[in-house]
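Below you'll find the structure, written out as structure tokens, and then a few comments.
The values are calculated or read from the model by the stated rules, or taken from the named source; none is laboratory data. All values reported here derive from a predicted model rather than from experimental measurement. We place every Cβ from the backbone using ideal geometry, glycine too, and count neighbours over all the protein chains shown.
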Amino acid sequence: MTLASNEQAAIIRTERGLTIAGTRITLYDVMDYVTAQYPSKFIRALFALTDNQINAALAYIEANRSEVEAEYQMVLNEAEELRQYYEEQNRELIARISAKPPKPGMEAAWEKLQAQKAKHQAQLESQG
């Protein structure tokens, strides 16, 4: 289940899932960019990984593609469920906060924000 590099595991299983050893970066984090076909140099720089770390992660993903993709889909599904849960839990709070008037001295910023929201909404409606 692990790749060995100089007698040390490069990919380990933690409570967060398959993780690059010595980091908090999971293979699922890397998979977001692999599936979007980002170059390995970009992924390495984005996560501040060494060449050995990114090479080990990509090699592990390639060697265990079906297992990693299955776990990745589970992670994506759980993330979507959590997003929906918290969106529902916070819907009323967000509505209450957004209905409040701007703080004194912030009227100009508020008007600018409202104009940007209206412009964005009009763009969405014209696309849909």
Only one of L18, L58, L49 is part of a loop (DSSP other than H, G, I, E, B), more than 30 Å from K117 (Cβ to Cβ), out of contact with any Asp or Glu (no Cβ under 6 Å at 6 or more places or on another chain) and among the aliphatic types (A, V, I, L, M), namely L49
In region 32-50, how many residues are among the hydroxyl-bearing types (S, T, Y) and within 13 Å of the chain's Cα centre (by Cα)? 2
Considering only residues of region 15-26 that are touching a residue at least 12 places away in the same chain (Cβ under 8 Å) and more than 12 Å from the chain's Cα centre (by Cα), which is surrounded by the fewest Cβ atoms within 10 Å (Cβ to Cβ)? G22
Only listed residue being surrounded by 11 or more Cβ atoms within 10 Å (Cβ to Cβ), more than 17 Å from the chain's Cα centre (by Cα) and farther than 30 Å from T23 by Cα, chosen from A118, A109: A109
Looking at (1) in contact (Cβ under 8 Å) with a residue 60 or more places away in the chain; (2) surrounded by fewer than 10 Cβ atoms within 10 Å (Cβ to Cβ), can you tell me which one A63 breaks? (2)
Go through region 27-59 and report how many residues are β-branched (V, I, T), buried (at least 18 other Cβ atoms within 10 Å of the Cβ) and over 15 Å from Y72 (Cβ atoms). 1
Hits in region 5-35 (condition: modelled with pLDDT under 90 and either among the polar types (S, T, N, Q) or closer than 16 Å to T50 by Cβ (or both)): S5, N6, Q8, A9
Y86 vs. criteria among the aromatic types (F, W, Y), surrounded by fewer than 11 Cβ atoms within 10 Å (Cβ to Cβ), out of contact with any Phe, Trp or Tyr (no Cβ under 6 Å at 6 or more places or on another chain) and at negative phi: yes
